[in-house]
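Report on one structure; see the data block that follows.
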Amino acid sequence: MSSSQFFGVSLHNDQVNLVTFSFGLYTGWSSTVAPILQNATVTPLDHGQVLTANSISWACSWGMLSAILGTFFWGMLADNCGRKTTGFLTMLPYLVSWVILLVFKTETALMVSRFLGGLGASGAAINCPMYVGEVSETSMKAGLGSLFILMYNIGVLYVYVFGVMVSYDFLNVACLAISVLFMVVWCYVPESPIFLIQKNRMDEARRSLMWFRGKDNDKEVSEEIDSLMRHSDQTTKATLADYKKRGTVKALLIGLVFQAGTQFSGINIILMYTVDIFQKSGSTMSPHSCTILVGVVQVIGSAIASCTVHRAGRKFFLMATYAITALALITIGSCFYANKVDSTINTGMLPVLSLSVHVIAFSLGLGMVPYIIYTEVFPANVRNICMSMLMFFNNVLGFVIIKAYPSMSDALHISGYFWLFGAVCLAVVPFTYLFVPETKDKAYDDIRRELLLWFPDRRHNNKAAEVAKAEKAAAVDQVDGGGGNVVVVEASEMKVCMGKDQSCFTTPQQARDNVKK
């Protein structure tokens, strides 16, 4: 692919990732606003109302509760109404939430606003990576997938800077402007070609691919569409049997561990309580200056990740960044502990350096690579529901961790809380090494074979092939209830479904329909 094509597709995906940018705004907003809401002299709420630490924890965690609710319908909405319609609906809660904050200045309105923003956050986490994965060419998936975390981090930095420089109301106006901008540019983005193929809207799918590929050559686009249709998981609706396959179950287990690792990395605590963390760490630097510095470092780290993620294996990035994140969390916890033992101890730049290392590691690996892996290990027809399951678990765990932050900080001390985070991240390293297959530069069939083994190892490829063969035989029996009306013949690059009259089709459903005729 030429550099001009890469730039063009990247620009289109930046438009898509404006919803992810809004996700970053939503996450970072509480960090800059919380100190204001707890200060009686500068609070923007009516009648000088001041929020307690418990109220702040609810303001941070309400979004996780609504995100849990969102996981029940965003995936189904994307499957039934399309990725583009879902994108519009994902931004709508953000837009309404910023308007509420501008119009109403009460604690109740603030909580409602945060609840609505969480709905948008869960939609962004489910729909955006899926859309980008479906419109990207195979060679570009990793690089374009990394834009998710880059745009998210730029959104966090955006709200950090505006939170320091402007008033409360103008900060909310600046956030609202991003939602309006997304609504405008999203009108010009086409629907996902894979969704259109699933709905048998082939002419629209062809036009969509031509738009994303920047090609006028209809022959090349037709060849890509044919390639997509050769794999039945791109064009047929999933059944319960698809979710029970060993490869899908293992991919889901891997996703659950990675989502737990994401939450126990403490990233939401760090982004939502950045100013408070620096105030308690014993550093003499300005908390707001430290916050902006961390935001800048985070953006730089994710920008580096976007340029390098396709050069090294997924497992290497994950193991290295989980180990570095664990070390950073343990160091931060030690700073808190030192300040607890002797409040006169000056930890200097150590908290800033540790948090900077943390956010760089998060941006390079555990905050980005799992979402790239999800697009590679889940078949297209089960991806929506599986992603919704992962986001449900992620949001439940995130709510517990964020809501428990004030009370657990008192019970374990904040140092113990961060040490706990570090221990969990450290435990994910051997799990990744033992259980996670390498997906970089591998065809889907190869990844699928490795997923059939609990301990993927090249020496056991023959065993994986045998398991795949057995699973394929079972799948043939399930195509038409074991009646023998449809036969599936699968080669390395295509799948042909033969009907009873020996006519060939690209999907089992087409073959069944022919039998009925």
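Of all residues in region 50-68, those satisfying the criterion of being of a type outside the set (A, V, I, L, M), part of a helix (DSSP H, G or I) and free of Cβ contacts under 8 Å to residues at least 60 places away in the same chain are Ser55, Trp62, Gly63, Ser66.
Is there a residue in region 377-393 that is assigned to a helix (DSSP H, G or I), farther than 21 Å from Phe258 by Cβ and touching a residue at least 40 places away in the same chain (Cβ under 8 Å)?
Looking through region 377-393, at least one residue is assigned to a helix (DSSP H, G or I), farther than 21 Å from Phe258 by Cβ and touching a residue at least 40 places away in the same chain (Cβ under 8 Å).
Looking only at residues of region 69-93 that are part of a loop (DSSP other than H, G, I, E, B) and in contact (Cβ under 8 Å) with a residue 12 or more places away in the chain, we find that the one that is most open to solvent (accessible area, probe 1.4 Å) is Phe72. Taking the criterion of being surrounded by fewer than 17 Cβ atoms within 10 Å (Cβ to Cβ) and out of contact with any Leu (no Cβ under 9 Å at 6 or more places or on another chain), the residues of region 36-54 that qualify are Asn39, Ala40, Thr41, Val42, Asp46, His47, Gly48, Thr52, Ala53, Asn54.
Quick check on this structure: which one of Phe378, Phe431, Phe421 is within 21 Å of the chain's Cα centre (by Cα) and open to solvent by 10 Å² or more (accessible area, probe 1.4 Å)?
Working: Phe378 fails: open to solvent by 10 Å² or more (accessible area, probe 1.4 Å); Phe421 fails: open to solvent by 10 Å² or more (accessible area, probe 1.4 Å).
Just one listed residue meets the conditions, Phe431.
Taking region 428-444 as the range and being basic (Lys, Arg) and out of contact with any His (no Cβ under 8 Å at 6 or more places or on another chain) as the test, only Lys442 passes.
For region 107-128, check the following and say yes or no: at least one residue is more than 21 Å from the chain's Cα centre (by Cα), basic (Lys, Arg) and more than 21 Å from Asn384 (Cα to Cα). Taking every residue of region 107-128 in turn, none turns out to be more than 21 Å from the chain's Cα centre (by Cα), basic (Lys, Arg) and more than 21 Å from Asn384 (Cα to Cα).
Considering the conditions (1) closer than 29 Å to Asn54 by Cα; (2) of a type in the set (Ser, Thr, Tyr); (3) in contact (Cβ under 8 Å) with a residue 60 or more places away in the chain, Thr344 is excluded by exactly one of them, (3). Examine region 138-154 for a residue that is free of Cβ contacts under 8 Å to residues at least 60 places away in the same chain, open to solvent by 50 Å² or more (accessible area, probe 1.4 Å) and farther than 30 Å from Thr439 by Cα, and state whether such a residue exists. Looking for residues that are free of Cβ contacts under 8 Å to residues at least 60 places away in the same chain, open to solvent by 50 Å² or more (accessible area, probe 1.4 Å) and farther than 30 Å from Thr439 by Cα, one finds none in region 138-154, hence no. The residue list Ser388, Ser407 contains one member that is at pLDDT below 85, small (Gly, Ala, Ser), in contact with a helix residue (DSSP H, G or I) (Cβ under 9 Å, 6 or more places away or on another chain) and open to solvent by less than 40 Å² (accessible area, probe 1.4 Å), which is Ser388. The set of residues in region 408-439 being of a type outside the set (Val, Ile, Thr), within 26 Å of Trp454 (Cα to Cα) and not in a helix (DSSP H, G or I) consists of Pro437, Glu438.
The values are calculated or read from the model by the stated rules, or taken from the named source; none is laboratory data. Here the structure is a predicted model, which is why all the values come from computation and not from measurement. Heads up, the Cβs are rebuilt from the backbone with ideal geometry, glycines too, and the neighbour counts pull from every protein chain shown. The area values use the complete protein model at the heavy-atom level, side chains included, leaving out ligands, DNA and RNA. Shrake-Rupley method; radii C 1.70, N 1.55, O 1.52, S 1.80 Å.
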